[in-house]
Amino acid sequence: MTVDSNLDPRLSVDFCGLNFATPLVLLSGCVGFGEEYTRIHGFSNRQAGAVCLKGTTLSPRLGNAPHRICETPGGMINAIGLQNPGVDRVIRDILPTLDFSETRFIANVSGSSIEEYYEVTRRFDDSPIDAIEINISCPNVKEGGVAFGNDVRMSAQVVAACRRATRKPLITKLSPNQTDIAANARACLEAGADAFAAINTLMGMAIDIEQRMPVIGNNQGGLSGPAIKPIALLKVHQIYQVCRDHGIPIIGQGGIASAVDALEFLIAGASAVGIGTALFYDPLILTQINQGILDYLDRHDLANVAQITGSLCLHGPSLPACGCESA
Amino acid sequence: MSAGVEDAMNAMNHGSYRDTLFVEETEVLSHEAFPGDQYLLRLWSPECARRARPGQFVHITCDPALPLRRPLSLMRANPRESWIEILYKAVGEGTRLLARRKPGDRISSIGPIGQPFQVHPERPRPLLIGGGVGMPPMVFLADRLRQTPGMPSGMPSGAAPGSAPGEVLGTVPGSAPGAAPSTAPGTAPGRVTAWSPLVILGSEVPFPFRAQPSQFIVPGLPPAVIAAMPLLDDWGIPSRLASLQGYPGCFQGYVTDLARSWLQTLDAAALAEVEVFACGPHPMLAAVAALARDFDLPCQVSLEEFMACGVGGCAGCVVEVKTPEGPAMKRVCVDGPVFDARMVF
């Protein structure tokens, strides 16, 4: 379906063959199943190029015990625990209510085994969803709870399984909680990923000193918000070295709270940018970020957003080659 | 999103708040400090003031240095004068920063949010129990009860979901003047359609108002317990105060003990007209829920939880509830904050 956008066409970007009306993407876990924020006066999904739906598993999940969130300096920690009604109910009850003329909707697939990733992806493949994002930061139950995304081999196995299950654009959401994110991206690319989202949250903890207990019910959680932006920028820059020669786009994300932040990610190599925590700060932030990007295009006499992507000029020697045999 | 989708998201069969939310750049009109780190904040907030109902809250930016918003219950809303009033206690970094805001300052607010209390005309003796920072929603509910005798505050039981907002109690304040109940709870109500609320407030820090002897005699309450909230007295609504701190005229004990002593004096017919509404610390709400169970009374409680988005998007503020299908996680922001006590306790 074509998105009927009222945004300036210079904002539109091509993402794996899908037209995004703007590079702004609403991130998974921040906007429920796509309609929650639309009740806010002045908010519209049309201001986003795509909306990532809440993480979905094969069976319904209750999620973690409270507290699930707490604010930390420059950000917040969350441990929701993938509360969701299961893939069948998402496809049967939720997708039919979404207005696909407003924006692109991206499913977010989670699992505790490779088989589960495959099966959830397969069911979304037979649905109107525009693209599928794989959250590979989930713990692998069969491997003692090690997160798939923190291990290059397991990451690639998940991507390969999901690739077999769908021909829709497949986005791999990379974890920053690993030594060499570029090596992981390379393995996922070779396993069939069409795009990357980077970065997922960083694992962290907050402690209540009176109780001497973690604030979060799950003890640990994912850190997001402006505090992680410099880390995310470097990771996107590193992944871009792998992706650039293959034409693989990146949704840059991690603490974006202004047009300047978004532009930094685009310059570092992102083709689109994700907004999450900042939406909690200001639900109407999309309008000002879109406008800020347009102002930048005007100021630099650029025809479209794609001309910003990867325009970073490094100090010193030029960028290293991507290292892929197929490049 | 349809009701069915809400069910799907939450594996629940209880609707969530779907009305329009407004992001407003409000202005501080007044900000008054009380002992015990309590503050009374009045904000110019026309959209919220026009729509707010008892039990709802606003999600506000306490300070730019701490951008995650904080949910704060509404104590009053005046649509004619376009203001909302919030009573809060500075308990954490956010509310401590909020306490520094001065008249004229701008504060971003999203609201009104959440499921309001639902009163039922067939139960015209609402018992309102508020503890600490749980007092404000009880004051708000009392305010609206006095303004609209015999009218339900939300959808009446059995009404179709999505009924016209005209059913909302108090959207036209002042339209029912002289609504103050002439009879105190426990006495035979002269008009079956008039509300006869009783408000019991508890605090372990000095009350954020100067308590005064109540002008209302409430049969069934200890005669020495005379301290009341002046605002409620002015509205013609009987109230009593409870504390363990030995404040003069107050009941020496818990709000639930005082409520129990009153309920015990009611006959079956009178009890059948009582519905309990409560907001306060979790242990107090558990005790109120147990009290309501003991007397077989319907009970609605307003909950709080750490909150991120405040609009139902992040599922960060959940509470575990009991449903016929088993346990479920409900979002305090839009599935609550008001819940049927039997689902929670």
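The values are calculated or read from the model by the stated rules, or taken from the named source; none is laboratory data. These numbers come from a predicted model, not from an experiment. Reconstructed Cβ throughout: ideal geometry from the backbone, glycine too, with neighbour counts over all protein chains shown. Only protein heavy atoms, including side chains, enter the accessible area calculation; ligands, DNA and RNA are left aside. Shrake-Rupley method; radii C 1.70, N 1.55, O 1.52, S 1.80 Å.
Which helices, counted as full DSSP H runs in chain A, have an axial Cα extent of no less than 18 Å and a Kyte-Doolittle average of 0.0 or above?
Flagged H segments are A:152-165, A:229-243, A:285-299.
What are the GluC sites (Glu not before Pro) within region B:203-275 that DSSP puts in a loop, where the Cβ has at most 16 other Cβ atoms within 10 Å?
Of the GluC sites (Glu not before Pro), the ones in loops of region B:203-275 whose Cβ has at most 16 other Cβ atoms within 10 Å are B:Glu204.
For chain A, what is the mean residue ellipticity at 222 nm derived from helices alone (per DSSP H run of n ≥ 4: -39500 (n - 2.57); sum divided by total residues; nearest 500 deg cm²/dmol)?
The per-residue figure over chain A is -7500 deg cm²/dmol.
So if a site counts as exposed when it's one of the trypsin sites (Lys or Arg not before Pro), its DSSP state isn't H, G, I, E or B, and it has at most 12 other Cβ atoms within 10 Å, what's the longest stretch of chain A without one?
By the stated rule (loop sites, at most 12 other Cβ atoms within 10 Å), A:1-166.
Looking at the square roots a ≥ b ≥ c of the eigenvalues of the Cα gyration tensor of chain A, which shape do they give, rounded for a/c under 1.5, prolate if a/b is larger than b/c, or oblate?
rounded
Answer rounded, prolate or oblate for region B:237-318, using the Cα gyration tensor with square roots of eigenvalues a ≥ b ≥ c: rounded when a/c is under 1.5, else prolate when a/b is larger than b/c, else oblate.
Here region B:237-318 falls in the oblate category.
Hey, if we sort A:Asp301, A:Asp295, B:Asp143, A:Asp194 by accessible area with the 1.4 Å probe, largest down, what's the order?
A:Asp301, A:Asp295, A:Asp194, B:Asp143
Quote to one decimal, in nm, the extra length available between B:Gln215 and B:Arg100 on full extension: 0.36 nm per residue of separation minus the C-alpha distance between them.
Difference between extended and current length: 37.8 nm.
Report in % the part of the accessible area of region B:3-112 that belongs to carbon and sulfur, leaving out ligands and nucleic acids; probe 1.4 Å.
47
Would you work out if the protein assembly as shown is rounded, prolate or oblate? Take a ≥ b ≥ c from the square roots of the eigenvalues of the alpha-carbon gyration tensor; rounded if a/c is under 1.5, else prolate when a/b is larger than b/c, oblate otherwise.
prolate
Can you sort A:Met213, B:Met343, B:Met135 by 1.4 Å-probe accessible area, starting with the largest?
A:Met213, B:Met343, B:Met135
Which of the trypsin sites (Lys or Arg not before Pro) found in region B:188-261 are loop residues per DSSP with 11 or fewer other Cβ atoms within 10 Å of their Cβ?
B:Arg210
In a shell of Cβ-Cβ distance under 12 Å around B:Arg50, excluding B:Arg50 itself, what net charge do Lys and Arg (+1) and Asp and Glu (-1) give?
Net local charge, B:Arg50 excluded: -1.
With both bridge residues required to lie in the protein assembly as shown, what share of the DSSP beta bridges run antiparallel, to the nearest 5%?
55
For A:Lys235, list the lysines whose Cα falls under 30 Å from its own Cα; do not include residues on the same chain fewer than 8 positions away.
Partners within reach: A:Lys54, A:Lys142, A:Lys168, A:Lys173.
Ordered by residue, what ³J(HN,Hα) values in Hz, to whole numbers, does region A:82-99 give under the Karplus form 6.51 cos²θ - 1.76 cosθ + 1.60, where θ = phi - 60° and Gly and Pro are x?
Values per residue, Gly and Pro as x: 6, 4, 6, x, x, 4, 5, 6, 4, 5, 6, 9, 9, 3, x, 8, 7, 8 Hz.
Using a Förster distance of 45 Å, how high is the FRET efficiency between A:Asn177 and B:Arg50, based on the Cβ-Cβ distance and rounded to 0.05?
0.45
Counting only other residues whose beta carbon sits under 15 Å from that of A:Leu174, what net charge do I get with K and R as +1, D and E as -1?
Local charge sum for A:Leu174: -1.
Counting heavy atoms of the protein chains only and a 1.4 Å probe, report the per residue accessible area for the protein assembly as shown as a whole number of Å².
38
Using only protein heavy atoms and a 1.4 angstrom probe, determine the accessible area buried between A and B, summed over both sides, in Å² to the nearest 100.
Buried area between the two chains comes out at roughly 3200 Å².
Contact order normalised by length for region B:3-112, with contacts defined as Cα pairs under 8 Å and 6 or more residues apart; what percent is it?
34
Could you please state, rounded to a whole Å, how far the C-alpha centre of region A:241-282 is from the C-alpha centre of region A:123-167?
For region A:241-282 versus region A:123-167, the Cα centre distance is 22 Å.
Can you give the relative contact order of region A:16-144 as a percent, counting alpha carbon pairs under 8 Å and 6+ residues apart?
Answer for region A:16-144 is 25 percent.
Once you average over the residues of A:68-74, how many Cβ atoms of partner chains fall within 10 Å of each Cβ?
6
Taking every residue in B:103-111, how many Cβ atoms of other protein chains lie within 10 Å of its Cβ, on average?
1
Extension gain A:Asn219-A:Ile207, at 0.36 nm per residue separation less the Cα-Cα distance, in nm?
Result for the pair: 3.4 nm of gain on full extension.
³J(HN,Hα) across region A:15-32 via Karplus (A = 6.51, B = -1.76, C = 1.60, θ = phi - 60°), whole Hz, x for Gly/Pro?
Computed from phi, the couplings for region A:15-32 are 10, 6, x, 8, 8, 9, 5, 8, x, 6, 10, 7, 8, 4, x, 9, 10, x Hz.
Efficiency by 1/(1 + (r/R0)^6): what FRET value for A:Asp298 and B:Ala290, r their Cβ-Cβ distance, R0 = 60 Å, to the nearest 0.05?
For R0 = 60 Å, the calculated efficiency reads 0.40.
Positive end of the charge dipole of the protein assembly as shown (Lys, Arg +1 and Asp, Glu -1 on Cβ, about the Cα centre): tell me which of A:Leu302, B:Leu244, A:Ser175 has its Cα farthest that way.
B:Leu244
Below 11 angstrom from the Cβ of A:Phe100, what's the summed charge of the other residues (Lys, Arg +1; Asp, Glu -1)?
Around A:Phe100, the charge tally is -3.
Taking the Cα-to-Cβ direction at A:Ser311 and at A:Ser258 and moving 7 Å from each Cα, how far apart do the two end points lie in nm?
1.9
Where in region B:284-313 does accessible area fall by at least 30 Å² between the isolated chain and the complete protein assembly, at a 1.4 Å probe radius?
B:Glu305, B:Phe306, B:Ala308, B:Cys309, B:Val311, B:Gly313
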